[in-house]
Amino acid sequence: MPSVQYEIVQVHARVSKFLKNRHELKRELPQHLDNLCKGPLPADDPGRISHLRGKFLCLCRYKVGDTRLLYEVDQNKHEIRLLDLNMRDKVYEEQ
């Protein structure tokens, strides 16, 4: 059974701002985003993806080394919105 391909429909400015001077991460990110589009839910890649709790309840987290990508998934429309990308100790701080 073929899996459903998701599409990234929105990238928040915080993601672009974090990537501005991080050239190595910029080169790696397209492959990670491709993997995310193939399976954005924790069951798809439990080593990298998890659901968040607390004030981030409806979001998911994708691990990329010491950075974390926070995003939300619309399973009905097969869409992903990238909300934040930052170091793991800073990504959960108030925006």
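Just so you know, all these numbers are worked out from the coordinates, no wet-lab data involved. This one's a predicted model, so the numbers in the text were calculated from it and none came from an experiment. Don't worry about glycine lacking a Cβ; one is built from the backbone with ideal geometry, like all the others, and counts go over all protein chains shown.
Note the full-extension length gain between HIS78 and GLU28 as 0.36 nm times their separation in residues minus their Cα-Cα distance, in nm to one decimal.
Details: separation 50, 0.36 × 50 = 18.00 nm, distance 2.32 nm.
Separation in residues times 0.36 nm, less the Cα-Cα distance, equals 15.7 nm.
Hey, what angle do you get for helix 23-38 against the long axis of the chain, alpha-carbon based, 0 to 90 degrees rounded to 10?
20 degrees
Scan the chain and hand back the longest stretch that contains none of the GluC sites (Glu not before Pro) lying in DSSP loops with at most 13 other Cβ atoms within 10 Å. Write out the running numbers ahead of the final one.
On the way: sites that count: GLU93, GLU94.
Answer - 1-92.
With r defined as the distance between the Cβ atoms of CYS58 and ARG14 and R0 fixed at 25 Å, what FRET efficiency is calculated, to the nearest 0.05? Working shown, then result.
Values: r = 17 Å, r/R0 = 0.70.
The value I calculate is 0.90.
Remind me, relative contact order of the range 9-87 in percent, using alpha carbon pairs under 8 angstrom and six or more residues apart? Provide the component values of the computation, followed by the final result.
Working: 106 pairs, mean separation 25.0, N = 79.
Taking the mean separation of contacting Cα pairs over the length of the range 9-87, I get 32 percent.
I need LEU19, LEU69, LEU29, LEU57 ordered by Cβ neighbour count within 10 Å, fewest first.
Working: LEU19 15, LEU69 23, LEU29 18, LEU57 8.
Least crowded to most crowded, the residues run LEU57, LEU19, LEU29, LEU69.
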